[in-house]
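Okay, structure first, notes after.
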Amino acid sequence: MKKPSIFIPLTLVLFLAALSLGQACSTQGPVRPGPKGSLLIIGGGERTGDIMKRFTTLAAGFDAGKIVVFTMATGVPDEVRQDTLAEYEKLGIKDVAVYHLTREEALKPDAAKILDGAGGVFFTGGDQSKLTAVLLGTPVLARVREIYEKGGIIGGTSAGAAVQSELMITGDEKRTKNEDELWQAILADNVVHTEGFGFVEDAIIDQHFVTRRRHNRLISVVLENPSLVGVGIEESTAVLVRPDGKYEVVGENQVIIYDARRAKTAKSPTGRLGGHGLAMHVLLPGDVYDLAAGRLEEPSK
């Protein structure tokens, strides 16, 4: 006997398909939006007026617009404090607070209150490892991250620039302690790096880049970590990492990009590193680099 055919309405088919898709999406969790704020990462040296104007303007647009400066990287905090206050006074900014915290102070549960009303947070130069030693895993750093994610601006120069990437170059080399012989080779397991603040997750920041000839250092790190883009920022120059994820060059000099994401990397038996198809870009002030796409953004006409 012929079996009866089973009729399934089209509406039921569509409903079941939509339900299945919804369950698949729910297992992946919600898509986390990117930060609404900006990063101003300065390569050290003299800070030109246009660089700091971008910082203060963006800071004024979030919360009360207060600027908080952290000086823990330096060994001369009193001198840096005076210079910092004088710099912002020239820019016409009065609501500025400067802190040189200890780790014990940064770990206090109510320590983050010093950032109430802050629209901008700035890290001065010195030794980036001192910044991480004080702030990693503290309520203060958690609040700085919150300010960035909600729309404020985080800035830093020299050590305050290097600390902003998740993988942070410390400035030390394993191969030699002799200052005259630093960074003369592109070697594996030679550049000392550690955990940074992690505001930049897909790149590695280096500073004083052209002046101090740090190409070998950054190339070495990029070839060993090809998923991360190397961003070498020269003095008196900054990268503004915008909420759209693009890198805008501000200031006077260049920013060097090393990109090994599509390269074939290699290592010799002696530890020499190789890279075939390594991309390099030399960016000038006004250039906008699309990091995700790996290309320069064409200026709008």
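The values are calculated or read from the model by the stated rules, or taken from the named source; none is laboratory data. Worth saying up front: this structure is predicted, and the values here are computed from it rather than measured. Heads up, the Cβs are rebuilt from the backbone with ideal geometry, glycines too, and the neighbour counts pull from every protein chain shown.
Summary table
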| read-out | value |
| --- | --- |
| Filter result (outside any loop (DSSP other than H, G, I, E, B), over 25 Å from Ile169 (Cα atoms) and out of contact with any Asp or Glu (no Cβ under 9 Å at 6 or more places or on another chain)) within segment 55-73 | Thr56, Thr57, Leu58, Ala59, Ala60 |
| Hey, Val80 of a type in the set (A, V, I, L, M), closer than 25 Å to Lys53 by Cβ and either surrounded by 18 or more Cβ atoms within 10 Å (Cβ to Cβ) or modelled with pLDDT of 95 or more (or both) or not | yes |
| Meets criteria (buried (at least 24 other Cβ atoms within 10 Å of the Cβ) and without any contact (Cβ under 8 Å) to a residue 40 or more places away in the chain) for Ile154 | no |
| Residue within segment 183-203 that is in a strand (DSSP E or B), of a type in the set (A, V, I, L, M) and under 26 Å from Gly37 (Cα atoms) present | yes |
| Extreme residue, farthest from Ile147 (Cα to Cα), among residues of segment 204-217 that are assigned to a strand (DSSP E or B) and of a type outside the set (S, T, N, Q) | Asp206 |
| Wholly enclosed helices (runs of 4 or more DSSP H) of segment 93-163 bearing at least 2 residues closer than 24 Å to Gly34 by Cβ and modelled with pLDDT of 95 or more | 128-135, 139-150, 159-162 |
| Every residue from segment 289-301 that is surrounded by 13 or more Cβ atoms within 10 Å (Cβ to Cβ) and either in contact with a Lys or Arg (Cβ under 9 Å, 6 or more places away or on another chain) or without any contact (Cβ under 8 Å) to a residue 12 or more places away in the chain (or both) | Tyr289, Asp290, Leu291, Gly294, Glu297 |
| The one condition in (1) β-branched (Val, Ile, Thr); (2) farther than 23 Å from Asp172 by Cβ; (3) modelled with pLDDT under 95 that Thr194 fails to fulfil | (2) |
